[in-house]
Amino acid sequence: MKFFVDTADTAEIADLAATGLLDGVTTNPSLIHKSGREFIPVVKEICGLVDGPVSAEVVALDHETMMKEADILRAVADNVAIKVPLTIDGLKTCKKLSDDGCQVNVTLCFSANQALLAAKAGAAFISPFVGRHDDNGLDGMRLIEDIRLIYDNYLFDTEILVASIRNPIHVLESARIGADVATMPPSVIRGLFKHVLTDKGIEGFMADWAKTGQTIT
Ligand code: E4P
């Protein structure tokens, strides 16, 4: 499963990219706002920090303007993936861009039928929002299971990019189901490394090693 980070904070992205475990980045208008940065320069900087796809979202709601915005965003770097909302105009844009060889991430997916539409529109990625699903009393991971089943039934290439992840259980379940990508806030990625018994084990080994008085040279 690929790991994307869901942030526009370039310091966080650079730090996580240094682990060698980061496969891409997703942003959205709220994350750009949170960064306090100008959209285009920050996307350009992010694209230089990772080799994989960097999702940059259009903000127009009509197809024509979405296409204009997508053209501007595509010109920023080769690894930009255009993010469009799951609407009729969004999918129209997705089809056009995909036919033109552009990677498209269809966002704000909340049903398996929507995911089916996005795959038919040639999306490179579908982003079902599991956390927001759970927040509304629905089962986000059940949605991922349904999409996996449907995509496998018809051999769609569209990658299931699990979004709106809130905790490590979402990541574990995504991997069990066979999702292609998990995009996570930096705190969730960092949390995956942690285990209390790992910390305790290191503490014990270090204490005993110090007692040997040895060094590795
Ligand atoms: C995905 O691409 C979105 O940017 C993101 O995962 C939304 O997550 P949220 O529900 O925490 O805002």
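Rounded to whole Hz and in sequence order, give me ³J(HN,Hα) for the stretch 167-181 from the Karplus expression 6.51 cos²θ - 1.76 cosθ + 1.60, θ = phi - 60°, writing x for Gly and Pro.
7, x, 5, 4, 5, 4, 5, 4, 5, 4, 6, x, 5, 7, 9
Taking a threshold of 31 Å on the Cα-Cα distance, which of the pairs LYS83/LYS200; LYS44/LYS200; LYS2/LYS120; LYS95/LYS194 fall above it?
Violating the 31 Å Cα-Cα cut-off are LYS83/LYS200; LYS44/LYS200; LYS95/LYS194.
How far is helix 88-99 tilted off the main Cα axis of the chain, in degrees rounded to 10, range 0 to 90?
Tilt relative to the chain: about 80 degrees.
Which of THR158, ALA179, TRP209 sits closest to the plus end of the dipole of the stretch 137-217, meaning its Cα is farthest towards the positive end, when Lys and Arg get +1 and Asp and Glu get -1 on the C-beta?
It is TRP209, whose Cα lies furthest towards the positive end.
Can you spot the aspartates and glutamates whose alpha carbon is less than 17 Å from LYS34's alpha carbon? Ignore those fewer than 8 places along the same chain.
Reachable aspartates and glutamates: ASP6, ASP9, GLU12, GLU45, GLU57.
Give me the distance between the Cα centres of the stretch 1-28 and the stretch 87-155, rounded to whole Å.
Between the Cα centres of the stretch 1-28 and the stretch 87-155 lies a distance of 21 Å.
Any chance you could run the full-extension gain for MET206 through ASP99? It's 0.36 nm times the residue separation minus the Cα-Cα distance, nm to one decimal.
Numbers: separation 107, 0.36 × 107 = 38.52 nm, distance 5.69 nm.
Here the segment from MET206 to ASP99 would lengthen by 32.8 nm.
Based on the alpha-carbon gyration tensor of the stretch 33-148, what equivalent-ellipsoid semi-axes (square roots of 5 times the eigenvalues) come out, in whole Å, largest first?
Numbers: eigenvalues 116, 60, 34 Å².
Ellipsoid half-lengths, sorted descending, are 24, 17, 13 Å.
I'd like the GluC sites (Glu not before Pro) in the stretch 1-92 restricted to DSSP loop residues with at most 11 other Cβ atoms within 10 Å, sorted by number.
Here the GluC sites (Glu not before Pro) that fit, given the DSSP loop and packing criteria, are GLU38.
Using the Cβ atoms and a cut-off under 14 Å, what net charge is assigned to the surroundings of LEU22, where Lys and Arg are +1 and Asp and Glu are -1?
Here the count lands on -4.
Just the ratio, please: alpha-carbon radius of gyration of the stretch 1-96 over 2.2 N^0.38 Å, N its number of residues.
1.06
What does the charge add up to near TYR151, with Lys and Arg as +1, Asp and Glu as -1, over the other residues with Cβ less than 12 Å from its Cβ?
-4
Using a Gaussian network for the chain with springs between C-alpha atoms less than 10 Å apart, which of these wobbles most: ILE126, ILE32, ILE144?
ILE32
Here, each number is a calculation from the coordinates, and none is a lab measurement. All of these numbers come straight from a predicted model, not from anything done at the bench. Reconstructed Cβ throughout: ideal geometry from the backbone, glycine too, with neighbour counts over all protein chains shown.
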